[in-house]
Amino acid sequence: MALRVARDTLSRNGLAGRIELRRDDASAGLPERQFDMALVNIGATVIERLLPALAAALAPGGCAVLAGILIDDESRLGERARELGLVVVDRLRQRPWAALLVRRPRP
């Protein structure tokens with residue numbers, strides 16, 4: 001269902017064929033390549049598990065939006081991101097939800 005919705009969204013926005021969609025274990029695909037941008041909307045527990053691989057997979061200057069998290073989990077994920085060398089650039093809150101924008105610094 002998620003892939004179908006994503007395909008429809010890409011098509012409506014003129015991006016069909018320009019973005020690769022895959023059904024996979026997110027952590028399995030991360031070490032293979034580096035990303036300039038990652039949109040991660042899957043809940044705090046899963047994000048926390050993926051964060052080390054995600055931090056390593058972000059290209060220098062790359063950023064990730066960590067969404068689908070509760071406000072109560074925001075500070076824990078932000079601290080974990082900082083421990084992994086990421087910078088928390090911004091946050092958005094709409095009770096009970098929060099999102100964090102993190103960036104991997106350039107050397």
Report task. Please turn the phi angles of the stretch 37-54 into ³J(HN,Hα) values with the Karplus equation 6.51 cos²θ - 1.76 cosθ + 1.60 (θ = phi - 60°), one per residue in order, whole Hz, x for glycine and proline. Result -> 8, 9, 10, 10, 10, 9, x, 4, 4, 6, 4, 4, 5, 7, 4, x, 5, 5
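Under a Cβ-only charge scheme (Lys and Arg +1, Asp and Glu -1), can you give me the dipole magnitude of the chain about the Cα centre, in debye to the nearest 20?
The dipole magnitude comes to about 280 debye.
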Report summary line: Placing each pseudo-label 7 Å from Cα in the direction of the beta carbon, L10 and T45 end up separated by a distance in nanometres of 2.9 nm
Query raised in the report: Using 0.36 nm per residue, how much length does the chain from R93 to R22 gain when fully extended, once their Cα-Cα distance is taken away?
Result: 22.7 nm
Requested in this report: Taking only protein heavy atoms into account and a 1.4 Å probe, give the accessible area per residue of the chain in Å².
Outcome: 67 Å²
Query - Computed over the chain, the ratio Rg/Rh where both radii use C-alpha atoms and Rh is Kirkwood - result: 0.97
**Report entry** Accessible area of the chain belonging to carbon and sulfur atoms, whole % at 1.4 Å probe
**Finding:** 52 percent
Report task. Choose one answer from E79, E20, E48: the residue with the largest mean-square fluctuation in a GNM of the chain with alpha-carbon springs under 10 Å. Result -> E20
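The values are calculated or read from the model by the stated rules, or taken from the named source; none is laboratory data. From a predicted model like this one, the values you see are computed outputs, not experimental measurements. When we count neighbours, we look across all protein chains shown, and the Cβ atoms used for this are built from the backbone with ideal geometry, even at glycine. The area values use the complete protein model at the heavy-atom level, side chains included, leaving out ligands, DNA and RNA. Shrake-Rupley method; radii C 1.70, N 1.55, O 1.52, S 1.80 Å.
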